[in-house]
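Participant: Below is the structure I would like to discuss, written out as structure tokens.
The values are calculated or read from the model by the stated rules, or taken from the named source; none is laboratory data. Note that the structure is predicted; figures quoted are calculated from it, not measured. Note that each Cβ is placed from the backbone with ideal geometry, even for glycine, and that neighbours are counted across all protein chains shown.
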Amino acid sequence: MKAQALSGRLTIVTAESVFQPHTFAEDVATGLAGSPKSLPCQYLYDEIGSHIFEEICDLPEYYLTRSEREILSDQAGEIARGFPNGAVLVELGSGSSIKTRFLIEAFLAEHGSLHYDPIDISSAMLKKSSLELLEEYETLEIHAVAGEYQDGLEKLRSEEEGDKLVLFLGSTIGNFEREDAARFLSGLAKKFAPGDRLLIGADLRKDSKTIEAAYNDDAGTTARFNLNLLARINRELGGNFDLSRFRHCARYLDLEGRVEIHIESLCAQTVRVELLDRSFDFARGELIHTENSHKFSIAEISAIIDLCGMRIIEQWVDSRELFSLTMAAPKRGR
Ligand code: AVI
């Protein structure tokens, strides 16, 4: 009965991007045959990787989540008051939706009910977090989309008329190359109706010691997260990577404003990947690039928002000035 009541307020749609297991194999084949070697960062987030990422968010060195949470808990009420009744909260890359609770609670307190539309590549995570939210908040309705952001945005409820607040939190924008970030945000802005808003979290440029510690934590959790990509190739594609022969590396390039994350081969070795029917040679010290995490100055954030056809309505930083949250509207908006 309870499950029925919950499921009456939940729909989960799966976008085409989730039904393509062969693309992982193709991307691994291309990435490991390349020079330099690389693997796309979206593959870090299988079920195991998503759970390890949740652990990263709680690490003492990983200031990003705590800083963003501080801003959200301080500002959620004011943000919710800025929207009329019937507004829709859309979240790109919702994960466990923990931080979003501040906004969900503030919208419910202000408007009584809320439509929440999370979009995430992990359908298992979407289902779990959606059911938890519905159990807690009786007047919440969820229309979740399992898929990549672009597909997810296409699959939003078309009858949705209310003003949308699109959340892009956690500095996920930093994992895009800077040109791709601008292209993605421009596409988003073009879809915006005049009353729609973007709330984007972006990690700020700062001293390299603080940033490097966040990606080289003492407990080795980020290393586990990164090396899980090789373990995933073993699990899903029949690879024989010996994880003890590789190590995680992350370093911050101050000028470029980005952390570059790699996996380094500790010796000369050959790895077989059965499902690809191929072997890959690694030299001692050879790197596989797995992720970039860009950092932004306030001026860089303003420039990208302007370039993408939006204007800043408000901008906040946390008390230590480590992280930023920016509310933007389409230039032609209200
Ligand atoms: C998801 N993203 C914002 C994280 C970041 O900080 O760039 C991913 C991450 N990679 C290693 N640690 C965290």
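Participant: When you scan the stretch 229-334 for strands (runs of 3 or more DSSP E) that lie fully inside it, which ones turn up with 3 or more residues that are among the β-branched types (V, I, T)? Before the answer, list the steps.
Facilitator: Working: elements: 246-253, 258-265, 269-273, 278-282, 287-294, 310-317, 323-330.
In the stretch 229-334, the matching strands (runs of 3 or more DSSP E) lie at 258-265, 269-273, 310-317.
The rows are residues; the columns are (1) aliphatic (A, V, I, L, M); (2) more than 23 Å from the chain's Cα centre (by Cα); (3) within 30 Å of K331 (Cα to Cα); (4) buried (at least 21 other Cβ atoms within 10 Å of the Cβ).
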site: P194; (1), (2), (3), (4): no, yes, yes, no
site: L198; (1), (2), (3), (4): yes, no, yes, yes
site: G201; (1), (2), (3), (4): no, no, yes, yes
site: A219; (1), (2), (3), (4): yes, no, no, no
site: T222; (1), (2), (3), (4): no, no, no, yes
site: L227; (1), (2), (3), (4): yes, no, no, no
site: R232; (1), (2), (3), (4): no, no, no, yes
site: L243; (1), (2), (3), (4): yes, yes, no, no
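Participant: Consider E68 carefully, then state whether it is buried (at least 22 other Cβ atoms within 10 Å of the Cβ) and closer than 25 Å to D218 by Cβ. Give the steps one after another, and end with the answer.
Facilitator: On the way: buried (at least 22 other Cβ atoms within 10 Å of the Cβ): yes; closer than 25 Å to D218 by Cβ: yes.
For E68, the condition - buried (at least 22 other Cβ atoms within 10 Å of the Cβ) and closer than 25 Å to D218 by Cβ - is met.
Participant: Would you point out which residue out of R251, R247, R258 is under 19 Å from the mean Cα position of the chain (by Cα), within 16 Å of the ligand (Cβ to nearest atom) and among the charged types (D, E, K, R)?
Facilitator: R258
Participant: Within the stretch 128-183, take every residue that is among the small types (G, A, S) and part of a helix (DSSP H, G or I) and give me the one that is surrounded by the fewest Cβ atoms within 10 Å (Cβ to Cβ).
Facilitator: By that ranking, first place goes to A182.
Participant: Now a separate question. For the stretch 217-238, state whether one or more residues are touching a strand residue (DSSP E or B) at 6+ places or on another chain (Cβ under 8 Å) and within 30 Å of A80 (Cα to Cα).
Facilitator: No, the stretch 217-238 contains no residue that is touching a strand residue (DSSP E or B) at 6+ places or on another chain (Cβ under 8 Å) and within 30 Å of A80 (Cα to Cα).
Participant: Those residues that are of a type in the set (D, E, K, R) and in contact (Cβ under 8 Å) with a residue 40 or more places away in the chain, I need them from the stretch 168-182; list them, please.
Facilitator: E177, R178 - these are the residues of the stretch 168-182 that are of a type in the set (D, E, K, R) and in contact (Cβ under 8 Å) with a residue 40 or more places away in the chain.
Participant: Is it the case, given these coordinates, that F280 is within 16 Å of the ligand (Cβ to nearest atom) and either at pLDDT 95 or above or surrounded by fewer than 17 Cβ atoms within 10 Å (Cβ to Cβ) (or both)?
Facilitator: no
Participant: Considering each of G238, G220 in turn, give the residue that is among the small types (G, A, S), at positive phi and within 13 Å of the ligand (Cβ to nearest atom).
Facilitator: Only one candidate qualifies: G220.
Participant: When the residues of the stretch 51-105 are narrowed to those that are acidic (D, E) and within 13 Å of the ligand (Cβ to nearest atom), which ends up modelled with the lowest pLDDT?
Facilitator: E54
Participant: Take the residues in the stretch 203-217 that are in contact (Cβ under 8 Å) with a residue 40 or more places away in the chain and of a type in the set (D, E); name whichever of them is surrounded by the most Cβ atoms within 10 Å (Cβ to Cβ).
Facilitator: Going through the qualifying residues, I end up with D203.
Participant: Check the stretch 6-28 and report whether any residue there is within 30 Å of N234 (Cβ to Cβ), aliphatic (A, V, I, L, M) and modelled with pLDDT of 95 or more.
Facilitator: Yes - at least one qualifying residue is present in the stretch 6-28.
Participant: Something else about it: Of I288, I305, I263, which residue is among the hydrophobic types (A, V, I, L, M, F, W, C) and within 30 Å of D163 (Cβ to Cβ)?
Facilitator: Of I288, I305, I263, the one residue that is among the hydrophobic types (A, V, I, L, M, F, W, C) and within 30 Å of D163 (Cβ to Cβ) is I305.
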